[in-house]
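The values are calculated or read from the model by the stated rules, or taken from the named source; none is laboratory data. Worth saying up front: this structure is predicted, and the values here are computed from it rather than measured. For neighbour counting, all protein chains shown are included, and Cβ atoms are generated from backbone atoms with ideal geometry for every residue, glycine included.
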């Protein structure tokens, strides 16, 4: 009998186009807007190659080859930082005025000079590189005059090198993507759309709320069996929607969620149970029409998403500073934070408290719904 009820409830719910739109199509549309708005976030910190002209006066000076070799060795994120191009003096001036190059070096027997027509980050980088090279060259000349034997030591190999004293080895579990944070909150919000399915179930089960509830209350079948079959069908449909949203975001919107997919699916599954049970509790406790219940659920969901930083990450930081307990019971924040930790952290010990908090919320909501269902009695139908 359970599977019979489960099968027909699943058929009924799969034809509910309104709930299917809000729990499936709406998150995908919102993800499309996120992709359009945040697709360039990961490129903001990337350092582009700096085009720079090289003007060599007269014959090739002795330091020209060393200067060009040093320039080609300078890298950022394993890519060369400069793109040197040889020009005559006249052509270099034309290219500079046309903004095709950031500046040009003039290399002579006695000196190296830099010519620019504006002062931006690229020009500052060119100036710093030239000054460091000239300083290193002066140091080597001084050593050659004062103590030629020192030139053969290993200390001279470090002259002119830029040392990075901060070394981060495997700092994150994934390569890192700035736009992923916004999709983490989107997944958290999508999980809470399960409240609508829970409210729909409660509305169809209560005799004082719908005609379906009257018929179910008069059936000789066990009420608990009906409730469980309804929840099972809602959970099946909603979890398939969630997994589809995850896959669509990953493969179509190119969102990087990391590689801990089993834990990602686990956290979404538990949150789906939280949303469904909370929806059932909303539907049972609130004595208002169905549309008003849905409106209150939307308000609750959007408030949770706002506090989780969906509209602005700064809001999440403010809540953490002034009301950390609020984030600890906010389902959307718990999901987005869990996904964040799975994505960025190598050690995921801090992930498990989020999982436990969601499990505790699910247990509380289920227990409250069961206790309410057991107390429901009708004088007449």
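Okay, here's what the table says:
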quantity: Residue tally, condition farther than 19 Å from residue 333 by Cβ, part of a helix (DSSP H, G or I) and free of Cβ contacts under 8 Å to residues at least 24 places away in the same chain, over segment 273-302; calculated: 4
quantity: Failed item in (1) over 24 Å from residue 360 (Cα atoms); (2) modelled with pLDDT of 90 or more; (3) out of contact with any helix residue (DSSP H, G or I) (no Cβ under 9 Å at 6 or more places or on another chain), with residue 262 passing the rest; calculated: (1)
quantity: Residue in segment 340-347 that is closer than 20 Å to residue 200 by Cα and out of contact with any strand residue (DSSP E or B) (no Cβ under 9 Å at 6 or more places or on another chain) present; calculated: no
quantity: Evaluation of residue 255 against (1) in contact (Cβ under 8 Å) with a residue 40 or more places away in the chain; (2) surrounded by fewer than 15 Cβ atoms within 10 Å (Cβ to Cβ); (3) outside any helix (DSSP H, G or I) (one fails), failing number; calculated: (2)
quantity: Within segment 303-354, tally of residues that are assigned to a helix (DSSP H, G or I), in contact (Cβ under 8 Å) with a residue 12 or more places away in the chain and within 23 Å of residue 34 (Cβ to Cβ); calculated: 22
quantity: Residues of segment 236-252 that turn out to be in contact (Cβ under 8 Å) with a residue 40 or more places away in the chain and either in contact with a strand residue (DSSP E or B) (Cβ under 9 Å, 6 or more places away or on another chain) or within 27 Å of residue 349 (Cβ to Cβ) (or both), as a count; calculated: 3
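Yes or no, residue by residue, for (1) at pLDDT 80 or above; (2) over 34 Å from the mean Cα position of the chain (by Cα):
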position	(1), (2)
69	yes, yes
88	yes, yes
143	no, yes
157	no, yes
170	no, no
